[in-house]
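Read through the structure below, which is laid out as structure tokens, and then see the notes.
What follows draws every value from the coordinates through simple rules; no lab data is involved. Here the structure is a predicted model, which means the values were calculated and not measured. As a convention, Cβ positions derive from the backbone with ideal geometry for all residues, glycine included, and neighbour counts pool all protein chains shown.
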Amino acid sequence: MAEMLPIKLTVNGAVVSKLVDPRQHLTDFLRIDLGLTGSHLGCEHGVCGACSVRVNGQVIRGCLMLASQTDGADVQTIEGIFEAGEAAELIAAFVARNALQCGFCTPGMLLTAAEIVAEGKLLDRQEIRNELSGNICRCTGYQSIIDAVEMVLLEKLKEA
């Protein structure tokens, strides 16, 4: 058994100190050690986006980062984004446009969509599709997801 490594990080605003296996990836750490099951394991190769989380403000694939690499980092999961109300408009738009079906990809889609909305640029449908392209959805056909993101972007434009 590998020697455990101490890490101290902030997860959804709370300081966490734990010992982790040096080979444990971030998604397993969040799911198993912290009980934050919103990030899903799909491909475990960084292709599907279901494991997406924010590390120091940037959306990354949690299956490609080791938990030990987050020592000193600020990590936000979909649970933290939800609790902060940051994705409230996106969640409402996803519901209104029927952009979620099985829900497996939804946390990664919402994190990526929140990043798009935060940039404050009005994107056309193809640009939204390109921005979301790192997130695989097997249920929706993507049109409703693009509709939902476009809906929020247009609302933000009206508010500005």
Label-point separation, Cys102 to Ala14 (7 Å along Cα→Cβ), nm | 3.0
Can you list the lysines whose alpha carbon is less than 29 Å from that of Lys8, not counting same-chain residues fewer than 8 positions off?
-> Lys18
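What is the percent of Cα-Cα separations in the stretch 5-81 that go past 15 Å?
Working: 1358 of 2926 pairs.
Distances greater than 15 Å cover 46 percent of the Cα pairs.
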Mind giving me the nanometre distance, one decimal, between the label points for Gln143 and Ala2, set 7 Å out from Cα along Cα→Cβ?
-> 4.5
Put in order of increasing Cβ neighbours within 10 Å, starting from the fewest, Glu155, Glu79 give Glu155, Glu79
Could you tell me which helices of the chain pass both thresholds, a Cα extent of 15 Å or more along their own axis and a mean Kyte-Doolittle hydropathy of at least 0.0, with helices taken as whole DSSP H runs?
-> 106-119, 143-159
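Could you give the longest part of the chain that holds none of the trypsin sites (Lys or Arg not before Pro) found in DSSP loops with at most 14 neighbouring Cβ atoms within 10 Å? Please list the in-between numbers first.
Working: sites that count: Arg23, Lys121, Arg138.
The longest such stretch corresponds to 24-120.
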